[in-house]
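The values are calculated or read from the model by the stated rules, or taken from the named source; none is laboratory data. Just so it is clear, the model here is predicted, and its values are computed rather than measured. Neighbour counts are summed over all protein chains in view; Cβ atoms, including those assigned to glycine, are modelled from backbone coordinates with ideal geometry. To get the accessible areas, we keep the full protein, side chains included, count just its heavy atoms, and leave off ligands, DNA and RNA. Shrake-Rupley method; radii C 1.70, N 1.55, O 1.52, S 1.80 Å.
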Amino acid sequence: CLHIHTQESDGRFTPDETVQKYVDAGYTILSITDHDTMMSPETTWPWSDYDIDASYPDVLAIEGNEISNPHHMGSYFNDYGDPDQDSETAALTEIGERDGLAVMFHPGRYSRSVEWYVDLYQRFDHLVGMEVYNQGDRYPRDRELYDEVLAEMMPSRPMWAFSNDDFHSEDHFGQTFTIFLLPEDDFNEDGFRQAMTEGHFFAVYDPSRDASGMLLPEAVQVTESAISLEIDAPEEAISWVSHGRTVHRGKRLPLDTNLGNYVRPVVAGKNGAKTLLQPFALSGGEAMTTSSLIVEDGEGSGDHIAGAMDVPIRAGEAPEDKVFDRWVTEDMSRIEDPDSEETSVSIKDADEVRVSASFRPPRPYDLTVENGTGGGEVLEESRHLIEASVPEGMTFDYWSGDTDVLDTIWSPQAEVTMPAEEITLRAHFTEPFSTPEQLTNPAFSDGLSGWEDDPEAVTIETRDDGTNFLRIPEVTEVRRIIEDIEASPGDRITLLFDARLDRDDVGAPMGFIVEKHDGSRAGGSPQLRVRGSEWRTYALSTEATTGRDFDRIQLDLWIWVPTGRELDIDNFRLRIHSP
């Protein structure tokens, strides 16, 4: 893995703990890339200076750094770092002068143009690649940019696809990695550098976290007429991508297929795993032909490579009092799912393909709410509030049933997005929690850290009755961290609070994440919406679960306040219920 953080910057583990974790999982090439804006000296190197166990003979350690200002990039084989520089050109110049290599990190995070990337790749030969998977599949735009840049630069200037954990904490580990192809007698820094420069590796995304889902080719054969993969996989598992679109499926790609100036194979494994091979440069053949896609009442129109199988389309906003019905085109076999608002269409070899989104009046469906109010006949795609009827002496526990339509299952007040089918929801209750309430009004307690995004925007106001509350105006997202909560695996953690919004017709989403102190997640991310201009009590609740014992956790609370709105919060109570 070539994108790893430790406590020397913003990681949760020490350098030795981090390396040990990867060694235990079988990794043999590692580079610690702590942020140059958070550390001194510039790189976490040599490892021996950071108490990293020296008894790792099978691990190839590579000096690395994450240049973090402004566009993040990986820097390797050199000690450059400068927290004050603000120019990618200046950073790449320094890396090159120190005989280093560089990789663009998570480009999908930014809004740079394709031309901006092309200019840098054309000017700096040591900028060898781009992350296409980062920390799982955090930024799908990474691969879109990769293909767009390749389409401009190939065949004269290839650049390679990398996949990295961007490891900071436990839940970042093991989904995204790069497999290098090195001869046993060339397992050294020089051999690795050559492989990194020439693209002798695969970029892998495997949600299984243990490499059990990925499929790898045994060999690749290139002839004048075809490119073939030798691999133990179904034919349909192999996709060939040119100019960002799948143009063929199968282990053998005939080179008389309509292709642009490059093509790259993608192998689909088990449970969503993907192995990306590096691109093949194509030149000297016939010019690529394109077809026009015209999308009426939707998005996706444009010229695409003829033969593309997966051009995305999306229906536009439905007219007033209408909902999406289906897609219509002359050849319906072109559309993957005609009944889905977001789907894909095959261009095949037509000169022009025209698809239209159709709309119709919404239909009513029965919503059954057991042990609560809000049931009845509800129009599809409408948002509808339900509320549990909590018996005296009991406490709300959770909602069950068709809960995928709810914004949260943990609050007695929940919002339903009504599907085009009948659904049933049931409220469950439990005995009142036996453990005492903790952290009453933690918003004003010394035991909590401050608001992260905009501390000046959060103020303490006074109600007419003299009590205080928090006012959060015009803040897109804020987070509060409640630390040192005593809990055990399986405990139910419930955060109760009073809140109101300054308008009735909008909602402010809220939720929390339960984390162990090492950064691994001990509980999910429940969510609810604060609605209405009157004070009312809300509850967020989840079960603290983890594979390891723990006794102290922290709570990350997040809030999205609609622009121009003000959210008031008061009377936080945190309750831990042990089974």
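Details
- Taking the numbered list (1) surrounded by fewer than 17 Cβ atoms within 10 Å (Cβ to Cβ); (2) part of a helix (DSSP H, G or I) in turn, LEU92 passes all entries but (1).
- Look at the stretch 270-289: where a residue is among the polar types (S, T, N, Q) and a partner is assigned to a strand (DSSP E or B), sitting 6+ places away or on another chain with Cβ atoms under 7 Å, you get THR275/PHE202; THR275/VAL204; THR275/VAL267; GLN278/TRP160; GLN278/ALA161; GLN278/ARG264.
- When residues in the stretch 1-11 are screened for being surrounded by fewer than 21 Cβ atoms within 10 Å (Cβ to Cβ) and of a type outside the set (Asp, Glu), 2 of them pass.
- Among residues of the stretch 291-311 that are closer than 11 Å to ILE347 by Cβ, those with a beta-carbon under 7 Å from a residue that is open to solvent by 60 Å² or more (accessible area, probe 1.4 Å) and hydroxyl-bearing (Ser, Thr, Tyr) at least six positions away or on a different chain give the pairs LEU293/SER301; ASP303/THR290; HIS304/THR290; ILE305/THR290; ALA306/THR289; ALA306/THR290.
- Between ILE347, ILE313, the distinction of being under 28 Å from the mean Cα position of the chain (by Cα) and of a type in the set (A, V, I, L, M, F, W, C) belongs to ILE313 only.
- Test for ASP171: is it farther than 25 Å from ILE4 by Cβ and at pLDDT below 95: no
- Pairs where the first residue, in the stretch 218-229, is open to solvent by 70 Å² or more (accessible area, probe 1.4 Å) and the second is assigned to a loop (DSSP other than H, G, I, E, B), C-beta under 7 Å, 6+ apart: GLU218/ILE231
- Highlighted here are the strands (runs of 3 or more DSSP E) found entirely within the stretch 464-579 that include at least 2 residues which are at pLDDT below 70 and within 30 Å of PRO15 (Cβ to Cβ): 478-486.
- Annotation: of all residues in the stretch 57-77 being of a type outside the set (Phe, Trp, Tyr) and within 24 Å of ASP185 (Cα to Cα), the one that is surrounded by the most Cβ atoms within 10 Å (Cβ to Cβ) is GLY64.
- Verdict on PRO158 being surrounded by fewer than 22 Cβ atoms within 10 Å (Cβ to Cβ), more than 11 Å from VAL103 (Cβ to Cβ), of a type outside the set (A, V, I, L, M) and touching a residue at least 40 places away in the same chain (Cβ under 8 Å): yes
- Residues of the stretch 363-377 satisfying the condition of being closer than 17 Å to ARG536 by Cβ and surrounded by fewer than 13 Cβ atoms within 10 Å (Cβ to Cβ): THR373
- Test: residue in the stretch 175-183 that is modelled with pLDDT of 95 or more and within 20 Å of GLY100 (Cα to Cα): yes
- Answer residue from the stretch 222-252, given it is among the acidic types (Asp, Glu) and in a loop (DSSP other than H, G, I, E, B) and is farthest from the chain's Cα centre (by Cα) among those: GLU224
- In the stretch 102-115, residue surrounded by the most Cβ atoms within 10 Å (Cβ to Cβ) [restricted to those that are within 19 Å of TYR139 (Cα to Cα) and either of a type in the set (A, V, I, L, M, F, W, C) or out of contact with any strand residue (DSSP E or B) (no Cβ under 9 Å at 6 or more places or on another chain) (or both)]: MET104
- Taking the stretch 47-75 as the range and being more than 25 Å from the chain's Cα centre (by Cα) and in contact (Cβ under 8 Å) with a residue 12 or more places away in the chain as the test, the residues that pass are TRP47, TYR50, ASP51, ILE52, ASP53, TYR56, ASP58, VAL59, LEU60, ALA61, ILE62, GLU63.
Each row is one residue, and each column tells you yes or no for (1) touching a residue at least 40 places away in the same chain (Cβ under 8 Å); (2) among the β-branched types (Val, Ile, Thr); (3) over 24 Å from PHE105 (Cβ atoms); (4) open to solvent by 30 Å² or more (accessible area, probe 1.4 Å).
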| position | (1), (2), (3), (4) |
| --- | --- |
| SER169 | yes, no, no, no |
| GLU184 | no, no, yes, yes |
| THR197 | yes, yes, no, yes |
| SER208 | yes, no, no, yes |
| LEU215 | yes, no, yes, yes |
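- Count of the stretch 378-427 residues, restricted to those that are of a type in the set (D, E, K, R), at pLDDT 95 or above and either buried (at least 20 other Cβ atoms within 10 Å of the Cβ) or farther than 24 Å from GLU341 by Cα (or both), is 1.
- Residue within the stretch 20-39 that is free of Cβ contacts under 8 Å to residues at least 40 places away in the same chain, open to solvent by 30 Å² or more (accessible area, probe 1.4 Å), more than 18 Å from SER163 (Cα to Cα) and of a type in the set (Asp, Glu) present: yes
- Residue in the stretch 261-277 that is touching a Ser or Thr at 6+ places or on another chain (Cβ under 6 Å) and part of a loop (DSSP other than H, G, I, E, B) present: no
- Across the stretch 1-19, the number of residues qualifying as touching a residue at least 40 places away in the same chain (Cβ under 8 Å) and either of a type in the set (D, E, K, R) or touching a Cys at 6+ places or on another chain (Cβ under 6 Å) (or both) comes to 3.
- Selection within the stretch 264-289 - of a type in the set (S, T, N, Q) and crowded, with 18+ Cβ neighbours inside 10 Å: THR275, GLN278
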